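K.L.:
Just passing along the structure, written as structure tokens.
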Amino acid sequence: MSSIPKLHDFAMRICAWHGEHGRHELPWQGGTDPYRIWLSEIMLQQTQVATVIPYYHRFLERFPDIETLAHATQEEVMPYWAGLGYYARARNLHRCAQVLMSEHGGRFPLSSEEIAQLPGIGRSTAAAIAAFSYGERSPIMDGNVKRVFTRFFGVHGYPGIRSVEQRLWALAEQALEQAPPELDMTAYTQGLMDLGSQTCRRGTPRCDVCPLASDCEAKRLGLQQALPEPRPRRPIPERQCAMLLLHGDGHVLLEMQPQTGVWGGLWSLPRFDSSQELVEACLAKGIVVPDAARMAGFVHVFTHFRLHIEPWLVEASPTIAEPLAEQRWVAFDELDQTAVPAPVRTLLDALPLGQAELRGG
Ligand code: SF4
């Protein structure tokens with residue numbers, strides 16, 4: 001922790017900056033009614049301020065207090081959220097109002113710890129409600145604030161990982177512990193939010209006008225773009241298969257794919273775990289597979305794995321190769337109307353269609 005910049009004036013610098021550059025005219029600012037603050041905090045999750053403002057006004061006009069919201073039906077509430085997205089927020093809001101009526105006498109509890117027990121309210125939202133409504137000294141840690149903290153303190157690791165998130169909360173708590181008693185929690189909380197959304201922005205942060213620039217680790221090391229670190233990518237599994245493009249007398253052998261598989265309900269080529277298995281299966285039917293039958297392999301990428309395909313172009317009369325129950329010999333001129341997966345369609349283009357027409361003709 002030796003490289004951590006000074007914490008003692010962190011909160012006061014944010015407050016001073018907010019006084020001059022932060023937002024002061026938002027419709028939910030200036031009051032201490034937890035209902036209105038709660039509504040704005042929930043609407044602002046995943047949603048831009050400009051989008052939220054008209055929804056906020058309309059919602060409050062129809063549901064001006066906890067009681068009105070609690071007594072409405074969910075069907076009455078949802079139209080006032082339609083278009084804002086993330087509809088679980090509206091359902092939780094409605095449920096929370098009912099819990100406030102039934103268990104808290106229609107009022108918000110007086111501490112962030114109790115507020116965080118209510119439906120749909122996490123630790124950061126509870127702290128913001130308590131800070132704006134009661135001036136409680138509790139830290140917040142929403143997406144914007146995480147960005148400020150990871151950059152300013154040079155915290156590596158994806159902030160969605162529990163240990164990284166715990167470190168960020170610990171730093172936020174320390175920043176508050178070291179702040180003087182006269183700290184204005186409304187200015188500090190709003191200032192952190194504003195700094196994250198306006199200055200320490202996701203793309204290119206505006207370090208030139210940032211009040212934290214002189215001690216910022218990310219700025220010192222040129223890591224503004226690298227922090228916060230993105231969600232680690234899981235390696236995509238690699239799978240192999242061999243595909244048999246068995247054709248003869250103007251027909252090709254296709255196989256119906258099981259409903260539960262990635263190509264469920266489509267016709268594909270007979271598939272084997274390896275080229276060796278393919279060759280052995282052909283031999284068992286009396287079909288010889290020469291080395292020259294091997295085609296160029298390719299990779300097909302699914303969302304959750306990569307399939308390395310080794311195709312084999314083999315000729316045999318349908319009278320020799322008796323199809324299995326899930327297989328069918330399909331005439332070349334029916335292939336256009338047959339539902340096959342994209343990579344199989346590409347392989348079917350390799351069929352000697354001209355020869356079939358000659359034979360058929
Ligand atoms: S100096 Fe730049 S990177 Fe550091 S907190 Fe400020 S805006 Fe963010």
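The values are calculated or read from the model by the stated rules, or taken from the named source; none is laboratory data. The structure presented is a predicted model; accordingly, all values stated were derived computationally and were not measured. Please note: Cβ atoms are built from the backbone with ideal geometry, for glycine as well, and neighbour counts cover all protein chains shown.
K.L.:
Which residues, taken from segment 58-84, are within 29 Å of the chain's Cα centre (by Cα) and surrounded by fewer than 13 Cβ atoms within 10 Å (Cβ to Cβ)?
P.N.:
Listed by number, the residues that qualify are Gln74, Glu75, Pro79, Ala82, Gly83.
K.L.:
Can you pull out every residue in segment 146-172 that is surrounded by 14 or more Cβ atoms within 10 Å (Cβ to Cβ) and more than 16 Å from the ligand (Cβ to nearest atom)?
P.N.:
Answer for segment 146-172, where residues must be surrounded by 14 or more Cβ atoms within 10 Å (Cβ to Cβ) and more than 16 Å from the ligand (Cβ to nearest atom): Gly157, Val164, Glu165, Arg167, Trp169.
Quick grid of which residues meet (1) under 30 Å from Arg234 (Cβ atoms); (2) surrounded by 11 or more Cβ atoms within 10 Å (Cβ to Cβ):
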site	(1), (2)
Arg271	yes, yes
Leu283	no, yes
His304	yes, no
Trp329	no, yes
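K.L.:
Filter segment 120-145 down to the residues that are farther than 14 Å from Ala170 by Cβ, of a type in the set (D, E, K, R) and more than 16 Å from the ligand (Cβ to nearest atom) and list them by number.
P.N.:
Glu136, Arg137
K.L.:
Moving on to the next point. On the given criteria, is Ala70 free of Cβ contacts under 8 Å to residues at least 60 places away in the same chain, over 13 Å from Glu41 (Cα atoms) and out of contact with any helix residue (DSSP H, G or I) (no Cβ under 7 Å at 6 or more places or on another chain)? Break it down into steps so the answer makes sense when it comes.
P.N.:
Values: free of Cβ contacts under 8 Å to residues at least 60 places away in the same chain: yes; over 13 Å from Glu41 (Cα atoms): yes; out of contact with any helix residue (DSSP H, G or I) (no Cβ under 7 Å at 6 or more places or on another chain): no.
No.
K.L.:
Which residue pairs have Cβ atoms under 8 Å apart, sit 6 or more places apart or on different chains, and have a first residue in segment 122-136 that is in the same structural domain as Glu173 (by TED's automatic domain parsing) and buried (at least 24 other Cβ atoms within 10 Å of the Cβ) and a second that is aromatic (Phe, Trp, Tyr) and not in a helix (DSSP H, G or I)?
P.N.:
Short answer, once both residue conditions are applied: Ile129/Phe108.
K.L.:
Next question, about the same structure. Is one or more of the residues making up segment 279-295 within 18 Å of Asp349 (Cα to Cα), in contact (Cβ under 8 Å) with a residue 12 or more places away in the chain and assigned to a loop (DSSP other than H, G, I, E, B)?
P.N.:
Yes, some residue in segment 279-295 is within 18 Å of Asp349 (Cα to Cα), in contact (Cβ under 8 Å) with a residue 12 or more places away in the chain and assigned to a loop (DSSP other than H, G, I, E, B).
K.L.:
Out of all the residues in segment 180-216, which are more than 8 Å from the ligand (Cβ to nearest atom), surrounded by 17 or more Cβ atoms within 10 Å (Cβ to Cβ) and under 23 Å from the mean Cα position of the chain (by Cα)?
P.N.:
Passing the criteria: Met193, Gly196, Ser197.
K.L.:
Follow-up question, since we're still on this one. Quickly run through segment 204-230 and pick out the residues that are in contact (Cβ under 8 Å) with a residue 24 or more places away in the chain and of a type in the set (Val, Ile, Thr).
P.N.:
Selection gives Val209 alone.
K.L.:
Which numbered condition in (1) buried (at least 22 other Cβ atoms within 10 Å of the Cβ); (2) of a type outside the set (Phe, Trp, Tyr); (3) out of contact with any Ser or Thr (no Cβ under 6 Å at 6 or more places or on another chain) is the only one that Met101 fails?
P.N.:
(1)
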